[in-house]
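Take a look at the structure below.
The values are calculated or read from the model by the stated rules, or taken from the named source; none is laboratory data. Worth saying up front: this structure is predicted, and the values here are computed from it rather than measured. A quick note on method: Cβ atoms are made from the backbone with ideal geometry, for glycine too, and the neighbour counts reach across all protein chains shown. When the accessible area is computed, the model is the full protein with side chains, heavy atoms only, and any ligands, DNA or RNA have been set aside. Shrake-Rupley method; radii C 1.70, N 1.55, O 1.52, S 1.80 Å.
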Amino acid sequence: MYPGKIRTGFSMKVSGIHLTRPDLHNIAAELGIGTRDILIKDGILTIYNTSEACQEIIDDNALVSFVAMAINIPAEDISELKEVVEEPVKLEFDFDDDEDDE
């Protein structure tokens with residue numbers, strides 16, 4: 001991830017297939033993005049636009065077609081395309097441990 005930069009992209013529902021890590025790698029390769037910029041959770045695929053090639057695909061309204069082609073499914077199996085903005089998560093650590101390690 002790029003420090004201080006909030007990523008934008010698209011989420012979409014993928015039906016009829018259980019996506020695996022190799023599927024995600026294939027999609028990332030087709031879009032010219034890093035594997036850290038694509039994730040799947042509960043059947044929702046999220047792709048963060050982090051490359052010029054991906055931006056060109058988005059500008060051509062071809063994102064769904066490229067994803068479908070990368071995982072060899074009909075484009076009709078992809079629905080609910082939505083624009084997304086990454087929500088940064090602030091991690092807080094409590095280093096004040098009540099236990100002594102003596």
Those residues of segment 26-57 which are open to solvent by less than 70 Å² (accessible area, probe 1.4 Å) and charged (D, E, K, R), in sequence order: 37
Conditions (1) modelled with pLDDT under 90; (2) under 12 Å from the mean Cα position of the chain (by Cα); number of the one not met by residue 16: (2)
Options 49, 26: the member that is touching a Lys or Arg at 6+ places or on another chain (Cβ under 8 Å) and not small (Gly, Ala, Ser): 49
Criterion (over 30 Å from residue 90 (Cβ atoms) and of a type in the set (A, V, I, L, M)) met by exactly one of 38, 27, 73: 73
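State whether one or more residues within segment 6-23 are under 20 Å from residue 90 (Cα atoms), open to solvent by 60 Å² or more (accessible area, probe 1.4 Å) and of a type outside the set (A, V, I, L, M).
Looking only at segment 6-23, we keep the residues that are under 20 Å from residue 90 (Cα atoms), and these are 6-8.
Those left that are additionally open to solvent by 60 Å² or more (accessible area, probe 1.4 Å): 6, 8.
Still in the running and of a type outside the set (A, V, I, L, M): 8.
Yes: segment 6-23 contains one or more residues that are under 20 Å from residue 90 (Cα atoms), open to solvent by 60 Å² or more (accessible area, probe 1.4 Å) and of a type outside the set (A, V, I, L, M).
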Scope segment 27-70; condition out of contact with any Cys (no Cβ under 6 Å at 6 or more places or on another chain) and at positive phi; matching residues: 42, 43, 61
Meets criteria (closer than 15 Å to residue 11 by Cα, open to solvent by less than 80 Å² (accessible area, probe 1.4 Å), without any contact (Cβ under 8 Å) to a residue 24 or more places away in the chain and more than 15 Å from the chain's Cα centre (by Cα)) for residue 68: no
Flag for residue 60 being surrounded by 10 or more Cβ atoms within 10 Å (Cβ to Cβ), more than 14 Å from the chain's Cα centre (by Cα) and without any contact (Cβ under 8 Å) to a residue 60 or more places away in the chain: yes
